[in-house]
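The values are calculated or read from the model by the stated rules, or taken from the named source; none is laboratory data. Everything quoted here is computed from the prediction, not taken from an experiment. All Cβ positions, glycine included, derive from the backbone under ideal geometry; neighbour counts span all protein chains shown.
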Amino acid sequence: MTASAAPPRGPMGYTLLATDPATGARRGRLQTAHGAVETPVFMPVGTQATVKTLEPRDLAAAGSTILLCNTYHLYLRPGHALIEDLGGLHRFMGWDRAILTDSGGYQVLSLAELRRIDEDGVAFRSHLDGSRHVLTPEKVMEIQLALGADILMALDECPPHDADAAYHRASMERTLRWAARCRAAHPSDEPALFGIVQGGTLPDLRARSAEETRRIGFSGYALGGLGIGEGPAAMYATVESATAFLPADAPRYLMGVGTPQDLLECIARGVDMFDCVLPTRNGRNGTLFTSTGRLNIKRAVHARDERPPDADCACYTCRNFSRAYLRHLYVSGEILGLRLNTIHNLHYYLDLMRQARQAIEAGGFPAWKDATLARMRVEPTTPQHAQETRTDD
């Protein structure tokens, strides 16, 4: 990356720096081999080793210190062996900061054809060419180690939110057995391996999953299977109950979530790490996140509007371009419009996390959170994982 000097290197570790006594919001620091990650943190999604429309220097300028890349997609194309031969994922994509790779299990379940789940793993046909593949816990570790990510994810099953209790229980227990196999295949903590807690919105299953995943022992713990249609109230309640069973000295990651409201509400419930395609996808579709709510740049009302998208935003887009110009780019089908919208949205998300960290440090997180949510005119949560099945950000 040419935009900034390389971050300091160091061993994997997590330090909890402050906790808000009123909410449980946490301020921490995750040290990786490719630099420190200040938490709470939002990870832009670079599914195919790229965040759509952006260069690595754009991401660095926005303040990103960690990206998410997808194991399923990179395994199918161009292949983990090729990436390893070319020096690993960081060198391949020109990114010298941290990378987390997800296990690919969710994409298998949502994108692949003719999939079959059994004790061994997941057999499926590629969505690209119909070729047959099997992802086992051991194979998932092999792929992620070849990619060279800083944080690896264990293989899990993500059942539909409305599955019955018996299916959620069986799925959760299978995920635990797969987690133990992932840990056995990668007993080291370098690179870090995170386990995934499942169990739907059933408190007893989430508690057991959290306790057993913790017993296996991982560098960090993720909450999977949320933001897929269960609704915000159920999601927040599940997050709050599950984090109570996770260790305080390890990072907590809520997978695939979500809106700005989701992030702030779940930070208040003890979550440290997030990822979601929402800011990048919405930007490409003409919706901008601002400090006063969502802005649909496609609307004719913006055709002569000389104001920036967000007067309180210091991103490149808001410092240089008007709503009128962004609307013109969008309706003209110009690629620059997609890029400028994405730059703004990611800057907004990353700056929201920066402000949350400052508020926790200052001891004023609850008041800051309430004021921020009131100002942004909160909109209903949408199921993010359901959106993710329709494209490959």
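Key figures for this structure:
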read-out	value
Pairs where the first residue, in segment 76-90, is small (Gly, Ala, Ser) and the second is surrounded by fewer than 22 Cβ atoms within 10 Å (Cβ to Cβ), C-beta under 7 Å, 6+ apart	81/146; 88/148
Only listed residue being surrounded by fewer than 19 Cβ atoms within 10 Å (Cβ to Cβ) and in contact with a Ser or Thr (Cβ under 9 Å, 6 or more places away or on another chain), chosen from 335, 343	335
Residues (among the aromatic types (Phe, Trp, Tyr) and under 20 Å from residue 52 (Cβ atoms)) located in segment 311-348	316, 321, 330, 348
Residue in segment 301-320 that is surrounded by the most Cβ atoms within 10 Å (Cβ to Cβ), counting only those that are over 21 Å from residue 263 (Cβ atoms) and either hydroxyl-bearing (Ser, Thr, Tyr) or touching a residue at least 24 places away in the same chain (Cβ under 8 Å) (or both)	302
Qualifying position, being closer than 19 Å to residue 159 by Cα and assigned by TED's automatic domain parsing to the domain that holds residue 165, among 260, 232	232
Residue match in segment 147-154 (condition: within 25 Å of residue 12 (Cα to Cα) and assigned to a helix (DSSP H, G or I))	yes
Residue list for segment 202-231, restricted to those being surrounded by fewer than 20 Cβ atoms within 10 Å (Cβ to Cβ) and in contact with a helix residue (DSSP H, G or I) (Cβ under 8 Å, 6 or more places away or on another chain)	202, 203, 207, 208, 212, 216, 217, 229, 230
Elements of type strands (runs of 3 or more DSSP E) contained in segment 182-297, each with 1 or more residues being without any contact (Cβ under 8 Å) to a residue 60 or more places away in the chain, touching a Phe, Trp or Tyr at 6+ places or on another chain (Cβ under 7 Å) and over 26 Å from residue 21 (Cα atoms)	192-197
Any hit, segment 99-115, residues being part of a helix (DSSP H, G or I), within 21 Å of the chain's Cα centre (by Cα) and of a type in the set (Val, Ile, Thr)	yes
Sole residue being surrounded by fewer than 24 Cβ atoms within 10 Å (Cβ to Cβ), within 20 Å of the chain's Cα centre (by Cα) and farther than 21 Å from residue 137 by Cα, chosen from 242, 237, 248	237
Residue among 216, 228 that alone is among the β-branched types (Val, Ile, Thr) and over 22 Å from residue 261 (Cα atoms)	216
Residue in segment 10-21 that is modelled with the lowest pLDDT, counting only those that are surrounded by 12 or more Cβ atoms within 10 Å (Cβ to Cβ) and assigned to a loop (DSSP other than H, G, I, E, B)	10
Scope segment 100-125; condition surrounded by fewer than 17 Cβ atoms within 10 Å (Cβ to Cβ) and either outside the structural domain of residue 32 (by TED's automatic domain parsing) or closer than 19 Å to residue 48 by Cα (or both); matching residues	125
Answer from 346, 326 - the residue that is closer than 27 Å to residue 66 by Cβ, out of contact with any Lys or Arg (no Cβ under 9 Å at 6 or more places or on another chain), outside any loop (DSSP other than H, G, I, E, B) and aliphatic (A, V, I, L, M)	346
Residue match in segment 333-348 (condition: in contact (Cβ under 8 Å) with a residue 60 or more places away in the chain, more than 26 Å from residue 26 (Cα to Cα) and polar (S, T, N, Q))	yes
